[in-house]
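*Asks:* First the structure, then my questions, so here it is.
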């Protein structure tokens, strides 16, 4: 058995890993994730996979984030004929994520045409998406699945509702693919399960260079920032991913209100996609932590602060810029690479009463990283915007395991191949693993690793 990374190899996005082994019927190919590149590397989505889609026998998905599912329609378009296996929550979230991706791709195509330029051909379309939906096969966590020579199980990863790490066994050989491991210090989701001993673990290293600060300290700082800026009549902008991060932010806003640690103010979620995700949450409540399940059982919506409102239309979104504070705006996208949050920042960065609170990973060279590094002026929508608002980062909100959690999760494993991280962070994690006698390497694009 061998595994080859065709994405997320010394980069954070584009998760895509091909497992191969010989069977009586010939070579069997099992694909783990088929994600899109994001941020500065999104042009790589038009590149070839590195393997023939038509020769893949089965696909198993770890979770519903775009960098783990975003190229599935391309796989179908290029001739993949099999089923796609995933947990029930992942199957429910997937259409929301991919339909939004199609909308953005269509809008970009139309912008090119309006300017008289020849637009590049879309990578996929609604027909591909419809065909993809027909291939989805939900499977419970822990259920044993047989694929050719492989036995496969999904186990809880604690990153999203229904997210999983994937165990693949062939004979006596076992491979574990971490997917994205959750931050076990948080309250909304159950902690990641421990992995079984394996001949090789393909493990993410997004935060392989450092641990997260204690989560109670993160929430205390969040409360202080909110109280300080809202008491001045300011606006607090929170860029957020529609799936998981928006809901977690709402969970803690509700809890801080209930504890009278922050004032109750209007809280606007300016993301139609986040609203759709929030509507799915009660349908998958058994995948949450016992604390969240208990709130649902009491008839309390864990993700609904007192003055929660959703901005449905573009006009609703624009109207938020005319409102006076105090208020909170939660909007996509979390990496500040697009979305409605950018329009709010263009109008709000120049006011020193306002605050930008970043709760998610910011790629190198992106607007979020630039603001956190103290830029006094940024260019947005073709104009220079002065920055007087305060920018904060609350890394403790991360949905990924920190270095200490990764090391703990990997305790007892002998061989580890690292993916899903910037090279310098993966190197630090590899050295930490090596210092305790474990063999660690960084996976390389297109280079097979024997299990």
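*Asks:* Suppose we keep only residues that are part of a strand (DSSP E or B) and in contact (Cβ under 8 Å) with a residue 40 or more places away in the chain within region 7-19. Which one would you say is surrounded by the most Cβ atoms within 10 Å (Cβ to Cβ)?
*Replies:* 16
*Asks:* Would you point out the residue of region 24-69, among those that are part of a loop (DSSP other than H, G, I, E, B) and without any contact (Cβ under 8 Å) to a residue 24 or more places away in the chain, that is nearest to residue 422 (Cα to Cα)?
*Replies:* The qualifying residue nearest to residue 422 (Cα to Cα) is 47.
*Asks:* Kindly indicate whether any position in region 338-358 is under 23 Å from residue 63 (Cα atoms), surrounded by fewer than 19 Cβ atoms within 10 Å (Cβ to Cβ) and within 19 Å of the chain's Cα centre (by Cα).
*Replies:* yes
*Asks:* Output the number of the condition that residue 411 fails; it satisfies all remaining conditions of (1) assigned by TED's automatic domain parsing to the domain that holds residue 268; (2) surrounded by fewer than 16 Cβ atoms within 10 Å (Cβ to Cβ); (3) within 26 Å of the chain's Cα centre (by Cα).
*Replies:* For residue 411, the failing item is (1).
*Asks:* Go through the residues of region 96-107 one by one and say whether even a single one is under 28 Å from residue 205 (Cβ atoms) and touching a strand residue (DSSP E or B) at 6+ places or on another chain (Cβ under 8 Å).
*Replies:* No, region 96-107 has no match at all.
*Asks:* Turning to a different aspect of this structure: Looking at region 39-46, can you tell me whether even one residue there is closer than 26 Å to residue 150 by Cβ and either out of contact with any strand residue (DSSP E or B) (no Cβ under 9 Å at 6 or more places or on another chain) or not assigned by TED's automatic domain parsing to the domain that holds residue 368 (or both)? First the steps, then the outcome.
*Replies:* In the first step, residues of region 39-46 are kept if they are closer than 26 Å to residue 150 by Cβ; the result is none.
Scanning region 39-46, I find no residue that is closer than 26 Å to residue 150 by Cβ and either out of contact with any strand residue (DSSP E or B) (no Cβ under 9 Å at 6 or more places or on another chain) or not assigned by TED's automatic domain parsing to the domain that holds residue 368 (or both), so the answer is no.
*Asks:* Further question: Does residue 364 count as part of a strand (DSSP E or B), surrounded by fewer than 17 Cβ atoms within 10 Å (Cβ to Cβ) and outside the structural domain of residue 67 (by TED's automatic domain parsing)? Steps first, answer last, please.
*Replies:* Numbers: part of a strand (DSSP E or B): no; surrounded by fewer than 17 Cβ atoms within 10 Å (Cβ to Cβ): yes; outside the structural domain of residue 67 (by TED's automatic domain parsing): yes.
Judged against the criteria, residue 364 is not a match.
*Asks:* OK, next. Residue 265 - would you say it is touching a strand residue (DSSP E or B) at 6+ places or on another chain (Cβ under 7 Å) and surrounded by 22 or more Cβ atoms within 10 Å (Cβ to Cβ)?
*Replies:* Numbers: touching a strand residue (DSSP E or B) at 6+ places or on another chain (Cβ under 7 Å): yes; surrounded by 22 or more Cβ atoms within 10 Å (Cβ to Cβ): no.
In short, no.
*Asks:* Filter region 222-264 down to the residues that are under 15 Å from residue 309 (Cα atoms) and either part of a helix (DSSP H, G or I) or not assigned by TED's automatic domain parsing to the domain that holds residue 357 (or both) and list them by number.
*Replies:* 246, 247, 249, 250, 251, 253, 254
*Asks:* Need the failing condition index for residue 393 against (1) surrounded by fewer than 21 Cβ atoms within 10 Å (Cβ to Cβ); (2) closer than 18 Å to residue 238 by Cβ; (3) out of contact with any helix residue (DSSP H, G or I) (no Cβ under 9 Å at 6 or more places or on another chain), just the number.
*Replies:* The number of the failed condition is (3).
*Asks:* Sticking with this structure for a sec: Tell me, please, whether a residue that is farther than 19 Å from residue 8 by Cα, assigned by TED's automatic domain parsing to the domain that holds residue 177 and in contact with a strand residue (DSSP E or B) (Cβ under 7 Å, 6 or more places away or on another chain) can be found in region 380-392.
*Replies:* Within region 380-392, none of the residues are farther than 19 Å from residue 8 by Cα, assigned by TED's automatic domain parsing to the domain that holds residue 177 and in contact with a strand residue (DSSP E or B) (Cβ under 7 Å, 6 or more places away or on another chain).
*Asks:* For region 271-291, which residues satisfy the criterion of being buried (at least 21 other Cβ atoms within 10 Å of the Cβ) and without any contact (Cβ under 8 Å) to a residue 40 or more places away in the chain?
*Replies:* Residue satisfying the conditions is 278 alone.
*Asks:* So residue 4 passes all but one of these: (1) surrounded by fewer than 24 Cβ atoms within 10 Å (Cβ to Cβ); (2) under 17 Å from residue 76 (Cα atoms); (3) at pLDDT 95 or above. Which condition number does it fail?
*Replies:* Result: residue 4 fails condition (2) only.
*Asks:* Quick one: which residue in 143, 126, 173 is touching a helix residue (DSSP H, G or I) at 6+ places or on another chain (Cβ under 8 Å), modelled with pLDDT of 95 or more and surrounded by fewer than 20 Cβ atoms within 10 Å (Cβ to Cβ)?
*Replies:* Result: 126 is the single residue among 143, 126, 173 that is touching a helix residue (DSSP H, G or I) at 6+ places or on another chain (Cβ under 8 Å), modelled with pLDDT of 95 or more and surrounded by fewer than 20 Cβ atoms within 10 Å (Cβ to Cβ).
The values are calculated or read from the model by the stated rules, or taken from the named source; none is laboratory data. Keep in mind it's a predicted model, so treat the numbers as computed, not measured. Don't worry about glycine lacking a Cβ; one is built from the backbone with ideal geometry, like all the others, and counts go over all protein chains shown.
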